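Have a look at the structure below, then the notes.
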Amino acid sequence: MDNPSSMSTTADASCLFVTLGCAKNEVDTDRMRALLLGDGLSEAHEVDAADVIIVNTCSFLASATSESIETTLELAEEVAHGVRSRPIIMCGCVPSRYGDELAHELPEVAAFVRADEEDGIVDVVRRVLGSGGAPAARPAGRMLRTIEGASAYVKISDGCDRFCTFCAIPHIRGRYSSRPASEILDEVRGLVAGGVREIVLIGQDTGVWGHDLEGAPCLADLLRMVAEVVRPCRGWVRVLYLQPEGMTDELIATIRDVDEVLPYIDIPIQHCSERVLGRMGRSGSAAELRTLFARLREEIPGMVLRTTGMAGFPGETDDEADELADFLAEQEFDYLSVFAYSPEEGTRAAAMDGQVDERTKLERTQRLVDVSEQTGFSATARHVGERTKVIIDGVEEGEWGRELVGHAWFQAPDCDGAVHLEQGEASVGDIVTCDLVDSFCYELSGVMVSKEG
Ligand code: SF4
């Protein structure tokens, strides 16, 4: 190993960031990156060029935990065969979930940083590099970010109070905690000043944002405040991960009436059978969900709906699996993500009787995937012929040469497909108007009509 005492500050060092899991984790990595770059560290893009490696892990499902650990071990292997040694720091959900057990299981890792300790990453990096120096300044409540691209995910809360019986998130991330509006707005202002045109608000359960803050502001209040910040640059605001109970009259009216707030509603229902939902620790029934979606479609004409369905929850009968598949087909969601139930350590569902065998789970999952493709591809094709606005995300070499790639208001970035424009000049972050002329699966092609800049 290098002589660590040769480094006096992290300014001499470079760091490779590896992120696993969802958009929320990308946001956390961004924050750590900004803190470390602010301390003088530079970013490396390969193991050999790095002095320290930070792996931000996911532990939402057992498969995600395995992937996180395998990735860490592969990196350790690469380091072992490299020209010199460098420490690996494991951050995020896996350390949050497994705590002290890990030090014994993973001696390859120099330090573990739980999700709620990530603001102290500068001190940890200094320590593993032996840099010492003055303690790093805390971000004083501000979530710093590095900016890439025209859209940015902004976390408005952490943790969750719902304790669905299949979900490890409350055990990993703790109780629900809203970020104060002032902190979120500061971050949004910084992003907009840096050229971001679309703000995507995320959290485990965005609909209850604010209930634990002074004065108990609500999500509708926050959306209106964020809309004001993006209005001068004609930007967009999107919100993800709403629970059915979170769809209040005020929120529906805000999504309908505030131009900058996109009529894109993401409500992960998981199931529709009242009995299965009850066993999941969730409320509702197919009848209640039908009423909710009919109301949303009536009150917000033309809106786009995304949901999530889970196949093979313990005790799910063949009839209940049919009920879910039929419900999802009938509702014709624009976007549907499908998961096979996986028993997560420490959750109540993992200890339930009636665990569904893997083969049945796979068959039921495949059936839901078929439904998602039928309804999703048709929903995408229905946009052909529309004139719509698209945010440009990049320039790519496509099958037919250079093309601009962006996403329309009805596509969440990095999530729901893209719009490809073969002709026209525009830069990342420009909003262009285009005619949609064709579709393939979740992808659309279009012709640029004008550019707003
Ligand atoms: S609401 Fe979502 S994050 Fe919270 S416990 Fe349920 S599934 Fe997990």
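For segment 4-129, taking the reciprocal of the average inverse distance between every pair of different Cα atoms yields a Kirkwood hydrodynamic radius of 14.4 Å. Using a probe radius of 1.4 angstrom, the carbon and sulfur fraction of the accessible surface of segment 4-129 is 49%. The orientation-averaged shadow of the Cα convex hull for segment 24-92, equal to a quarter of the hull surface, comes to 4.7 nm².
Determine the share of segment 300-434's accessible area contributed by carbon and sulfur atoms, expressed in whole percent, with a 1.4 angstrom probe. After summing per-atom areas, the C and S share lands at 48 percent. Globularity index of segment 387-451 is 0.95 (Cα radius of gyration / 2.2 N^0.38 Å, N = number of residues). Taking only alpha carbon atoms, segment 151-381 gives an Rg to Rh ratio of 0.98, where Rh is the Kirkwood radius.
Accessible-area rank, largest first, for 14, 85: 85, 14, with all protein chains present and a 1.4 angstrom probe. Over the chain, DSSP H runs of length four or greater, each weighted -39,500 (n - 2.57), average out per residue to a 222 nm ellipticity of -10500 deg cm²/dmol.
Among 167-178, 54-65, sorting by the average number of other beta carbon atoms lying within 10 angstrom of each residue, highest first, gives 54-65, 167-178. Amide H contacts of residue 451: 433, each under 5 Å away and 5 or more positions distant or on a separate chain (H built 1.01 Å from N in the peptide plane; Pro and chain starts excluded). Would you mind computing the Rg to Rh ratio of the chain from its alpha-carbon coordinates, Kirkwood style for Rh? That ratio is 0.97, to two decimals. Using the 1.4 Å probe convention, the accessible area of segment 151-381 works out to 39 Å² per residue with neighbouring protein chains retained. When you count the other C-beta atoms within 10 angstrom of each residue and take the mean per peptide, 274-286, 309-321 line up highest first as 309-321, 274-286.
The 3J(HN,Hα) values that the Karplus relation (6.51, -1.76, 1.60; θ = phi - 60°) gives for segment 114-119 are, in residue order, 5, 4, 7, 10, 5, 5 Hz. Gly and Pro appear as x. Spatial offset of segment 234-281 relative to segment 381-441 amounts to 25 Å, using the alpha carbon center of each. Can you list the lysines whose alpha carbon sits under 16 Å from that of residue 24, skipping same-chain ones fewer than 8 residues off? Straight-distance partners of residue 24: 155. For segment 44-63 versus segment 198-216, the spacing of their alpha-carbon centroids is 29 Å.
The values are calculated or read from the model by the stated rules, or taken from the named source; none is laboratory data. If you're wondering where the values come from, they're calculated on a predicted model, not measured in any experiment. Note that each Cβ is placed from the backbone with ideal geometry, even for glycine, and that neighbours are counted across all protein chains shown. With ligands, DNA and RNA removed, areas are computed over all heavy atoms of the protein, side chains included. Shrake-Rupley method; radii C 1.70, N 1.55, O 1.52, S 1.80 Å.
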